[in-house]
Amino acid sequence: MSNQAVLEWMERVVKPEQIEKYLEQGKDFVDEELIRQSLNTAINPEKSLLRDIMSKSLDLQRLDPDETAALLNCTDEEIWEEMYQTGYQIKEKVYGRRIVTFAPLYVSNHCVNSCVYCGFRKDNTETMRKQLSLEELGKEVESLVQKGHKRLIMVYGEHPDSDVHYIADTLTKAYQTKVGHGEIRRVNVNAAPMSIEDLEILRDIGIGTFQVFQETYHHDTYRRLHPRGIKANYLWRLYALHRAMDAGVDDVGIGALFGLYDWKFEVMGLLLHTIDLEKRFNGVGPHTISFPRIEPALNTPFTRHSPYLVDDATFKKLVTVIRLSVPYTGMILTARERPEVRNEVIKTGCTQIDAGSNIGVGSYQEETMNYDRQQFILGDNRSLDEAIRDMAKMGFITSFCTADYRCGRTGECFMGIAKSGKIHNLCMPNAILTFKEYLLDYASEATKDAASYLINQELAALPNPAIQDKVKGMLVRIEAGERDLFL
Amino acid sequence: MHQPLFKKVSLYQEHNEILPACHQALQDIYPGIKVRWARIYGRRWAFQYGDSFGDLPAVKYKINEQMGLIISNQELIPDQELPLVLDTLRKCLL
């Protein structure tokens with residue numbers, strides 16, 4: 001594609017009217033003055049206040065900005081320990097001892113943007129550019145299916161070669177690919193912001209969650225770090241998920257890239273994003289929140305020298321505050337983090353992880369790490385089987401459940417169930433069923449030995465005897481060869 | 001055709017959209033069932049209307065290419081009536 005054609009495409013992407021409709025008196029929802037005031041007012045919060053806020057979180061109520069600010073400003077390590085425990089209790093209450101697991105699949109790294117922290121930026125000449133053909137994509141998916149994956153997040157750079165029609169074709173291909181018993185049952189998408197009309201195309205294909213991270217909510221920092229390209233438009237990105245909701249894609253994922261600006265500010269930004277979505281869409285906020293930390297990337301010195309890099313201890317704190325602030329929302333802890341960090345932080349209330357990840361475009365089938373095709377460098381290179389085994393040793397059952405979005409439990413319905421703390425009544429049975437499939441079809445002997453106990457343990461813990469009996473019957477059917485059974 | 005259901009839907013439809021009308025009619029005729037309606041987009045069954053029943057297992061039925069019905073306590077609908085119910089809903093939702 002010629003440079004002129006790319007430029008013409010870029011001019012057509014942003015639809016100003018699909019930004020303006022969401023502004024209030026010309027302003028977006030990231031009220032920096034409110035954030036500053038909240039953080040400055042809640043300095044040295046009393047223990048009693050912090051404990052009251054924790055009680056509110058345990059009641060599964062979303063926190064207000066001043067409450068989140070108070071948690072962020074806590075300086076008492078004893079109280080932080082209580083917060084970590086509260087995060088874990090919330091996770092148990094809402095989601096149970098299950099961890100939903102997925103794989104990232106990088107489909108294209110062509111990009112028109114110039115984000116200074118990203119290995120895929122247009123002017124990074126050391127990155128090898130690659131976009132998968134449908135045939136290559138099929139092989140990547142086959143490779144993932146053969147390892148036992150059922151859920152993907154497919155990731156695309158922003159470029160006319162990977163526009164909505166390409167994304168739609170690749171989604172269709174992923175859903176069509178089957179290997180024996182195995183198939184991908186839910187494909188989430190991480191791609192550039194789109195118009196409502198384009199999002200309707202992905203909706204019709206059967207997209208899972210649509211994920212767009214704001215990276216930083218701080219306006220000036222955003223401007224500096226995104227100097228050129230479509231991504232330079234802060235508001236087009238900020239309202240990407242509002243447009244998705246308006247298009248009928250009612251599971252959306254927000255996120256911030258920690259290390260670009262002050263971590264407390266970004267947590268407040270995520271909270272304000274949640275509040276605005278809930279306000280406009282009948283109580284439906286984000287389906288998931290992600291909190292990646294900036295990682296080293298090829299020929300990208302900013303990633304090592306940002307003044308806002310977040311250390312491991314602070315990372316645990318910010319994840320905990322997000323858990324407490326939005327107690328009913330899924331939280332994704334990615335393989336950017338080292339195994340020891342993940343094993344520690346997951347206990348504060350994370351619900352989803354990726355495992356067996358390879359983020360080089362086209363690298364799954366080659367089973368190699370190609371740093372020159374990666375956006376950044378992963379911290380956790382455990383295989384899916386190893387990660388499942390480690391989770392089992394910590395008492396977590398891995399779930400490949402995809403039932404919700406195939407049973408109408410999306411958007412308002414899902415959020416209603418999650419907020420009432422009842423989601424695990426269905427999700428735990430589905431975790432047991434999908435975990436049984438994994439153990440039968442893909443697990444190593446070591447993992448079977450280490451993890452099989454979870455089936456009986458979690459089955460016995462199901463509170464409803466009728467559901468327990470139903471699941472027992474389904475487990476027998478799975479042992480007999482049936483697959484994809486769910487409640 | 002399930003005539004009582006069809007009549008009820010027609011009655012409710014005078015003052016309601018078609019989904020709430022079907023929803024209310026089903027619950028009148030089969031008290032105790034819980035129902036939710038979904039728009040089908042490929043594999044995604046997107047919630048449109050009805051009950052959450054988050055702690056109850058349910059059975060899903062495809063009414064047509066666009067609409068799906070998810071029922072909990074479906075045993076409250078006699079087996080021989082279920083095909084008629086689905087057929088009637090199919091006609092109502094044309």
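Please go through segment A:449-467 and give me each residue that is surrounded by 14 or more Cβ atoms within 10 Å (Cβ to Cβ) and assigned to a helix (DSSP H, G or I), ordered by number.
If the condition is that a residue be surrounded by 14 or more Cβ atoms within 10 Å (Cβ to Cβ) and assigned to a helix (DSSP H, G or I), then A:A450, A:A451, A:L454, A:I455, A:E458, A:L459, A:I467 are the ones that fit.
Among the residues that make up segment A:212-232, is at least one of them under 22 Å from A:M415 (Cα atoms), buried (at least 24 other Cβ atoms within 10 Å of the Cβ) and in contact with a strand residue (DSSP E or B) (Cβ under 8 Å, 6 or more places away or on another chain)?
Within segment A:212-232, none of the residues are under 22 Å from A:M415 (Cα atoms), buried (at least 24 other Cβ atoms within 10 Å of the Cβ) and in contact with a strand residue (DSSP E or B) (Cβ under 8 Å, 6 or more places away or on another chain).
If you check A:R12, A:R36, which single one turns out to be in the same structural domain as A:Y222 (by TED's automatic domain parsing) and surrounded by fewer than 14 Cβ atoms within 10 Å (Cβ to Cβ)?
A:R12 is the lone residue from the list that is in the same structural domain as A:Y222 (by TED's automatic domain parsing) and surrounded by fewer than 14 Cβ atoms within 10 Å (Cβ to Cβ).
Cβ contacts < 9 Å: first residue more than 7 Å from chain B (Cβ to nearest Cβ) and farther than 30 Å from A:D441 by Cα, restricted to segment A:397-423; second residue among the charged types (D, E, K, R) and outside any loop (DSSP other than H, G, I, E, B), any location; separation 6+ or different chain. Result?
Pairs that qualify, where the first residue is more than 7 Å from chain B (Cβ to nearest Cβ) and farther than 30 Å from A:D441 by Cα and the partner is among the charged types (D, E, K, R) and outside any loop (DSSP other than H, G, I, E, B), are A:M415/A:E278; A:G421/A:K93.
Considering each residue of segment A:77-118, count those that are of a type in the set (G, A, S), crowded, with 24+ Cβ neighbours inside 10 Å and under 30 Å from A:W9 (Cα atoms), and give that number.
Residues meeting the conditions: 1.
Yes or no, residue by residue, for (1) surrounded by fewer than 19 Cβ atoms within 10 Å (Cβ to Cβ); (2) farther than 27 Å from A:E142 by Cβ:
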residue: A:L378; (1), (2): no, no
residue: A:G408; (1), (2): no, yes
residue: A:I417; (1), (2): no, yes
residue: A:Y438; (1), (2): no, no
residue: A:G481; (1), (2): yes, no
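All but one of (1) surrounded by fewer than 24 Cβ atoms within 10 Å (Cβ to Cβ); (2) farther than 19 Å from A:D385 by Cβ hold for A:P429; state the number of the condition that does not hold.
(1)
Within segment B:18-69, can you find the residues that are out of contact with any strand residue (DSSP E or B) (no Cβ under 7 Å at 6 or more places or on another chain), facing another protein chain (nearest Cβ under 10 Å) and of a type in the set (F, W, Y)?
Listed by number, the list holds a single entry, B:Y41.
If I ask for residues that are over 15 Å from B:L26 (Cα atoms), surrounded by 15 or more Cβ atoms within 10 Å (Cβ to Cβ) and among the aliphatic types (A, V, I, L, M), which ones from segment B:57-94 would you list?
Within segment B:57-94, B:A58, B:M67 qualify.
Quick one: in segment A:383-408, of everything that is closer than 14 Å to A:L144 by Cα and part of a loop (DSSP other than H, G, I, E, B), which residue is modelled with the highest pLDDT?
Within segment A:383-408, the match that is modelled with the highest pLDDT is A:F400.
The values are calculated or read from the model by the stated rules, or taken from the named source; none is laboratory data. Quantities reported herein were computed from a predicted structural model and do not represent experimental measurements. Note that each Cβ is placed from the backbone with ideal geometry, even for glycine, and that neighbours are counted across all protein chains shown.
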